[in-house]
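The values are calculated or read from the model by the stated rules, or taken from the named source; none is laboratory data. The structure presented is a predicted model; accordingly, all values stated were derived computationally and were not measured. For neighbour counting, all protein chains shown are included, and Cβ atoms are generated from backbone atoms with ideal geometry for every residue, glycine included. These accessible areas exclude ligands, DNA and RNA; they are computed on the full protein's heavy atoms, side chains included. Shrake-Rupley method; radii C 1.70, N 1.55, O 1.52, S 1.80 Å.
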Amino acid sequence: MWTYSLTFTLRAVLRELLRGFWGRYLVYPRLAAVERSAALLNAAIARRARRIGVTVAADGTRLARLPQPPQSAQYPQHPHHPQHLQLQQLQQLQQPPQPAQLPDGRSALLTKAEVARHPERFLRPRTLSTLLRSTIRTSGTSGSPLALVQTLGAVIREEGFIQRQLAWIGWRHGQRRAWIRGEIVCPAQPADGRYWCHDWFGKILLLSSYHLSNATIGAYIGALERYDPVVIHAYPSSVGALAAWLNAAGQRYRGRALRGVMTSSETLEPEVRSAVESAFGVPVYDWYGQAERVAAIGSCERGNYHVLTDYGGVELLELGDGSCELVGTTLNNPAMPLSRYRTGDRVIPGNGTPCACGRVFPTVKAVIGRQEKIVTLPDGRIVARLDRVFQGHERGLLEGQVLYRGDARFVLRVVTTDAFGAADEAALRDKFLLRVPRVQVDVERVAAIPRGPNGKYEFIAFET
């Protein structure tokens with residue numbers, strides 16, 4: 001087990017040197033200075049927009065509404081969907097088109113499909129300030145891998161925003177934290193029954209989200225209470241399972257230092273928030289973001305969702321059902337500055353009333369963009385958030401879906417190109433079994449994955 005702890009500790013040291021120190025002492029103080037002043041916030045937004053070379057709304061305390069688009073334009077299909085293959089083949093023979101312009105001079109809305117089809121259109125040449133870059137790969141909840149280039153400066157700014165969110169909770173640098181997310185932190189069957197390891201440098205207890213079950217949750221609670229973190233970072237499904245176990249047993253979490261639970265990466269349902277707050281006795285602070293770095297939302301101690309307009313310029317695209325799609329323009333990443341990017345994630349707009357916490361960011365009622373199904377295996381393990389299985393295959397893998405057939409049997413449905421071979425199939429199986437051991441998993445190539453009325457498909461589906 002010590003090898004896992006050593007690995008995460010060394011990673012934490014490197015992270016601190018490259019981003020943590022700089023984000024905490026250079027970026028965070030500037031972010032904290034603007035959150036309660038409209039004038040300072042708007043001035044900071046204007047400076048960032050000029051620096052990145054993008055256009056965003058001048059008033060960061062309000063969110064612009066965009067009218068509902070025509071039905072045919074609401075959710076474009078993936079560029080490699082069979083209905084688009086012939087058109088794509090013709091387009092490959094000509095120069096990629098330039099970004100469209102609206103009559104008022106603004107850029108047209110940008111989709112993930114366009115970025116996946118022509119990423120070179122959005123990548124800017126290296127300059128002295130953008131020399132250090134990295135590529136991140138994501139599939140999110142869509143199952144369609146996407147490679148994005150970001151500067152080291154963008155990574156450092158991201159760290160600053162996380163530091164601000166942690167400060168809202170009451171955490172300070174050097175205090176203990178716990179982490180229940182998608183990392184592999186222990187063997188598939190740990191001999192000592194410990195489903196966790198330690199980041200000794202960062203003072204983080206890392207617990208596996210893949211071994212949660214009614215038989216193991218008691219051990220998880222015991223480990224958390226002994227470590228006594230100030231903040232617990234977790235998927236809603238993971239901390240929700242802990243809360244359900246505690247509430248069903250009539251118990252309450254007994255750690256004394258805990259100030260808040262920070263959830264992210266999945267939709268936080270109201271009943272899950274209520275269950276967690278009841279079991280753990282602290283507020284839940286929810287965080288929304290995406291790899292494209294165009295929008296971020298964080299909830300405060302009052303439970304309200306603040307759209308962080310100093311992170312990205314955000315517009316709300318009306319969808320006709322009372323919800324709006326988030327459209328964002330980055331204020332962080334000069335290497336690949338996506339403008340007016342349709343995230344595909346939805347929110348329920350707020351009424352414009354300022355939050356009682358005193359922060360001037362506009363608010364929304366709820367984030368509803370990342371709902372996923374949860375699988376409970378016959379042995380009681382709880383499985384959710386498996387998008388990492390499909391990451392790293394963006395050259396040959398176009399789309400992926402996890403199908404559960406019951407009785408611990410899974411099928412990875414994939415839409416692929418000719419570049420995706422037998423070795424890639426084996427790698428997919430191995431990555432899946434690393435996270436969900438002792439199950440049956442097969443890979444099935446399909447022509448397309450059926451979509452629902454919102455243009456997306458279920459990332460985890462059940463066979464009926």
Take the conditions open to solvent by 20 Å² or more (accessible area, probe 1.4 Å), assigned to a strand (DSSP E or B) and over 26 Å from A234 (Cβ atoms) and apply them to E325. Does it pass? no
Among the listed residues R36, R24, identify the single one that is closer than 14 Å to L308 by Cα and either in a helix (DSSP H, G or I) or touching a residue at least 40 places away in the same chain (Cβ under 8 Å) (or both). R36
Quick check on region 274-315: of everything there that is of a type in the set (S, T, Y) and surrounded by 22 or more Cβ atoms within 10 Å (Cβ to Cβ), which residue is modelled with the lowest pLDDT? Y288
If you check L258, L242, L224, which single one turns out to be outside any strand (DSSP E or B), within 16 Å of E271 (Cβ to Cβ) and either modelled with pLDDT of 95 or more or in contact with a Leu (Cβ under 8 Å, 6 or more places away or on another chain) (or both)? L242
Only one of (1) among the small types (G, A, S); (2) closer than 18 Å to L258 by Cβ; (3) touching a residue at least 24 places away in the same chain (Cβ under 8 Å) is not met by G222, so which one is it? (3)
Quick one: count up the residues across region 352-377 that are modelled with pLDDT under 90, open to solvent by 30 Å² or more (accessible area, probe 1.4 Å) and either outside any strand (DSSP E or B) or of a type in the set (K, R) (or both). 7
Neighbours by Cβ (under 6 Å, 6+ apart or cross-chain): first from region 160-179, within 14 Å of P283 (Cα to Cα); second open to solvent by 40 Å² or more (accessible area, probe 1.4 Å) and not in a strand (DSSP E or B): I169/R259; G170/R259
Would you be able to say whether some residue in region 333-347 is touching a residue at least 40 places away in the same chain (Cβ under 8 Å), under 20 Å from A46 (Cβ atoms) and polar (S, T, N, Q)? yes
Any idea which residue in region 179-216 is most open to solvent (accessible area, probe 1.4 Å), counting only those that are assigned to a loop (DSSP other than H, G, I, E, B) and among the β-branched types (V, I, T)? I184
Does region 147-167 contain at least one residue that is in a loop (DSSP other than H, G, I, E, B) and not acidic (D, E)? no
Please determine, by comparing only the residues of region 433-445 that are at pLDDT below 90 and surrounded by 14 or more Cβ atoms within 10 Å (Cβ to Cβ), which one is nearest to the chain's Cα centre (by Cα). R435
Looking at region 54-82 only, could you name the residues that are more than 25 Å from the chain's Cα centre (by Cα) and modelled with pLDDT of 70 or more? A58, D59, P67, Q68, P69
Subset of region 222-256 that is of a type in the set (G, A, S) and within 27 Å of the chain's Cα centre (by Cα) - its residue that is surrounded by the fewest Cβ atoms within 10 Å (Cβ to Cβ): A223
Do we find a residue being of a type in the set (A, V, I, L, M), over 27 Å from I217 (Cβ atoms), crowded, with 22+ Cβ neighbours inside 10 Å and in contact with a Pro (Cβ under 7 Å, 6 or more places away or on another chain) anywhere in region 395-404? yes
Would you say T267 is surrounded by fewer than 21 Cβ atoms within 10 Å (Cβ to Cβ), touching a strand residue (DSSP E or B) at 6+ places or on another chain (Cβ under 8 Å), within 30 Å of P119 (Cβ to Cβ) and not aromatic (F, W, Y)? yes
Being of a type outside the set (S, T, N, Q) and farther than 16 Å from V375 by Cα narrows A234, A244 down to just A234
Report, by residue number, each residue of region 405-423 that is buried (at least 18 other Cβ atoms within 10 Å of the Cβ) and either β-branched (V, I, T) or not in a strand (DSSP E or B) (or both). V411, V414, V415, T416, F420
Within region 449-464, of all residues that are in a loop (DSSP other than H, G, I, E, B) and open to solvent by less than 40 Å² (accessible area, probe 1.4 Å), the one modelled with the lowest pLDDT is G455
